[in-house]
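Everything below concerns the one structure shown next.
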Amino acid sequence: MIRKALLALLLASPLLAQNAFFSESQAAKARDAGKGDEDYQRGISALDSEDWDEAIDAFNSSASAKHASAPAALYWLAYAQNRDGRRSDALVTIAQLKRQYPDSSWTKEAQSLEAEVRAHTNSPLNPDDEPDNDIKLIALNGLMQSESSQAFPILQKLLAGKNSDKIKEKALFVLAQNSNPQAAKLLSDMARGTVDPGLQTKAIRYIGMMGGEASRKELQSIYSSVNSEQVKRAILQSFMLSGSRDSLFNAAKTETNPELRREAIRQLALSGGQDQLWQLYKSENSHDNKREILQSMFLTGDSEKLSDIARSEKDPSLRASAIKSLGLMGGHGTGDTLVSIFKSDQNPEVRHAVLQALFLQGNGKALVDLARNEKDPEMKREIVKKMSLVHSKEVTDYMLEILK
């Protein structure tokens, strides 16, 4: 789920999401261009509601009237035609815009639109013919889908050249979308840092997002061959993106670098590895690592295991860590467990951890119940102090009782 969400975010890039609607700045520019032109404004409203037939009719009328808004009308006419699947018509409209209004800013906008339209047809732009790098990349994306053998050398050159980091990152994203063996090899080389070390962690991330057994094996191979903590950390995060719990489990067991081992534990929790975390906890000898596991377990929602540890762990500080994680999980039926632990465990660290956990949950009722039954004046004062920060009817009523 996390991996799909991240992919969706990347695909929302204005460069590659060819069906994305225009941004706020584009929308403002679009509306300003057609002030006083009723047909144009009708077309803009139709775009807002994604009524492509209405938009095409309105912008046709606006462009035919040859108002000052005609260049913008032709641009949005082509846009609506493309969205409606009339790509041949859109290319004709773009050609008309270029011919009639070569100096208009809307003609430059149309270059990007043309690349997007052609990406869906059998006549993609030649990226080498485009001076604008953003348009070049849109053209590359389209060409990679149909003629990857032609696009790959251009993409390779773009990544190896002296282009900006922004352009290279976009080129890397185009590369990551293609299953061509040459593309996969170049992406692997990027991830190993042999092409452009500055893009190494980005390439690792994209490999993780691709998922699949081949991607997991590639990441495992890179992890075992590098020494850089930064690169290894990026790979652990990519293991999580690809759902590689076994790889994270293995790193959490065998990694000798304490920071990386803790990172593996965190990423294992984020991947939903409840069973693996529990196995780690039972076999772990390091107090610090056990505490890290407990702090991560709340991410998996495993309240049952945390409750067991909070009750039965011999080390009071680890019991307290388990209790803190229960508090971070919210209510979820853990309030009664926390109250029970407070009543049965006389260790001060554990009892304070329970109060903090109930406070984090906003569990005013439980705090009031504990305050009513607490005999130790100092501890009762601590409970009242915690509940004073919780807003609930039970707390308000109890406070009023104290003040009477």
Residue that is nearest to residue 391 (Cα to Cα) [pool: residues in the stretch 345-381 that are among the small types (Gly, Ala, Ser) and touching a helix residue (DSSP H, G or I) at 6+ places or on another chain (Cβ under 8 Å)]: 364
Spot the failing condition for residue 389; the list is (1) in a helix (DSSP H, G or I); (2) over 22 Å from residue 306 (Cα atoms); (3) among the aliphatic types (A, V, I, L, M), and only one is missed. (1)
Exactly one of 157, 162, 170 is at pLDDT 75 or above and not in a helix (DSSP H, G or I), and that one is 162
The lone exception for residue 357 - which of (1) at pLDDT 90 or above; (2) of a type outside the set (Val, Ile, Thr); (3) over 18 Å from residue 297 (Cα atoms) it fails: (3)
Criterion: under 33 Å from the mean Cα position of the chain (by Cα) and farther than 22 Å from residue 51 by Cα - qualifying residue of 66, 108: 108
A careful count of residues in the stretch 206-225 that are surrounded by fewer than 20 Cβ atoms within 10 Å (Cβ to Cβ) and more than 21 Å from residue 257 (Cα to Cα) gives 6
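The rows are residues; the columns are (1) out of contact with any helix residue (DSSP H, G or I) (no Cβ under 7 Å at 6 or more places or on another chain); (2) in the same structural domain as residue 312 (by TED's automatic domain parsing); (3) farther than 25 Å from residue 213 by Cβ.
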| site | (1), (2), (3) |
| --- | --- |
| 236 | no, no, no |
| 242 | no, no, no |
| 246 | yes, no, no |
| 255 | no, no, no |
| 258 | yes, no, yes |
| 264 | no, no, no |
| 282 | yes, no, yes |
Taking the stretch 184-199 and keeping only residues that are of a type in the set (S, T, N, Q) and over 23 Å from the mean Cα position of the chain (by Cα), one is left with 194
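The values are calculated or read from the model by the stated rules, or taken from the named source; none is laboratory data. Values in this document were obtained by computation on a predicted structure and should not be read as measured data. FYI the Cβ positions are ideal-geometry reconstructions off the backbone, even for glycines, and counts take in every protein chain you see.
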